[in-house]
Amino acid sequence: MLFRWNLIPNQGCPVLSAAQQTAIDKAYKSLEFETGKGVIVSSSFPSLDMLAALMQEKTDMNLLIEGHTDNVGDDNSNMKLSEDRAKAVSTYLIKKGIGSTRIEVKYFGETKPIATNETEHACGIMTTMIKSSSFSCALTCNK
């Protein structure tokens, strides 16, 4: 699973502690979905709980969740899959007490890939993406 976090450095945002960065890294590494579905695998819940706790602590931060898929399968199915998975993460965090106004969801299916099948490394990423859509997430802060 490729789950990419991009923190926008110092644009009015507080610096994260090592523990807070760990919460982000853990969510990055452990988010998985049921194959071909927008259902989060239960082993991903602890890291999403850590992310929710971070967002509860850092109330000036918002989350942008972007769903992406590879190019295997039908275009419309991939778009729906990326939507379902991005919304599943959003819904999970909202149920954990994060305000919906702090979460923005975008989904692109296979129209904006964040990896290609060109290299052996990317092929490994793409294999994982068949099981679970890629995500690009950015924590930002309120201005």
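Just for region 33-44: of the residues that are in contact (Cβ under 8 Å) with a residue 24 or more places away in the chain and out of contact with any strand residue (DSSP E or B) (no Cβ under 8 Å at 6 or more places or on another chain), which one is surrounded by the fewest Cβ atoms within 10 Å (Cβ to Cβ)?
Going through the qualifying residues, I end up with Thr35.
Go through region 72-121 and give me each residue that's modelled with pLDDT under 85 and in a helix (DSSP H, G or I).
Result: Glu120, His121.
What tally of residues in region 60-80 results from selecting those that are of a type outside the set (Asp, Glu) and either under 16 Å from Lys95 (Cα atoms) or touching a Ser or Thr at 6+ places or on another chain (Cβ under 7 Å) (or both)?
Qualifying residue count for the region: 9.
So Leu7 fits all but one of (1) surrounded by 13 or more Cβ atoms within 10 Å (Cβ to Cβ); (2) at pLDDT 75 or above; what number is the exception?
Every condition holds for Leu7 apart from (2).
With the requirement that a residue be of a type outside the set (Asp, Glu) and part of a loop (DSSP other than H, G, I, E, B), what does region 37-71 give you?
The initial filter retains those residues of region 37-71 that are of a type outside the set (Asp, Glu), namely 37-48, 50-56, 58-59, 61-65, 67-69, 71.
Across region 37-71, the qualifying residues are Lys37, Gly38, Val39, Val41, Lys58, Thr59, Thr69, Asn71.
The values are calculated or read from the model by the stated rules, or taken from the named source; none is laboratory data. Not measured: the values here are computed from a predicted model. Cβ sites come from the backbone with ideal geometry, for glycine too, and all protein chains shown count toward neighbours.
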